[in-house]
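Below: the structure, in structure tokens.
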Amino acid sequence: MSPPVEPLVIGVGSNLDPARHVPAALDLLHEYACIADHSSYYRSPAIGLPAGAPAFVNLAVLVHWSSSLTDLKRALEQIETTQGRRRREGAWVSRTLDLDILTAGPTCAEIGASRVPHQDLERCAHTAVPVAELIGDHFHPALGITYAQLARTLDDSHLRRIDSLSEGTVP
């Protein structure tokens, strides 16, 4: 068993029936890890997808995990599969669920095709803003700035905080 890494943040995103898939993902995630907190829900356009693709709902989830990050990645993929995620390598597609390890304390690592801290933190407000909401005063181990500072460098004009998942279903 690996020592716990804190703060450990997972990104949750969905643009296909998020009102159903996001709560289901949180329930399933709770079976694997202890959920300590989560950010607000954010709605953003489906950047990179064809015109007319439904908007995404994103949030960040702070968890306590005591096994390896590789084991966590496998658990997240299992949850995605359970919720009907279809993997198409290299394709930008709508998805029922997208779960990513976004931060793992001071850890910098490669896990499969992803980096930790996740590469989208440096380029996507829909990833960085929810993380900053949860752990904004913590430092990105590679960049040496806080997650709040990082989020402020990104254009978040397309991002909208929503009060309920049903708001995320409006295109």
Quick one: if the Förster radius is 22 Å, what FRET efficiency do T146 and E122 give, using the C-beta to C-beta distance and rounding to 0.05? 0.95
Run the numbers for S68 and H158: contour at 0.36 nm per residue of separation, minus the present Cα-Cα distance, in nm. 28.9 nm
Based on the Cα coordinates of the stretch 79-139, what is the per residue volume of their convex hull in Å³? 109
Rank L102, L49, L121 by mean-square fluctuation in a GNM of the chain with C-alpha springs under 10 angstrom and give only the top-ranked residue. L49
Leaving out ligands, DNA and RNA, and with a 1.4 Å probe, what % of the accessible surface on the chain is carbon or sulfur? 52
Translational D in µm²/s for the chain (Stokes-Einstein at 4 °C, 1.567 mPa s, Kirkwood Rh from C-alpha pairs): 81
Averaged per residue, the 1.4 Å probe accessible area of the stretch 61-159, protein heavy atoms only, in Å², is roughly 49
For the A109, S166 Cβ pair and Förster radius 30 Å, calculated FRET efficiency rounded to 0.05 is 0.25
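The values are calculated or read from the model by the stated rules, or taken from the named source; none is laboratory data. Because the structure is predicted, anything quoted here is derived from the model rather than measured. Backbone-built Cβ (ideal geometry, glycine too); neighbour counts: all protein chains shown. Heads up: the accessible areas ignore ligands, DNA and RNA and are worked out on the full protein's heavy atoms, side chains in. Shrake-Rupley method; radii C 1.70, N 1.55, O 1.52, S 1.80 Å.
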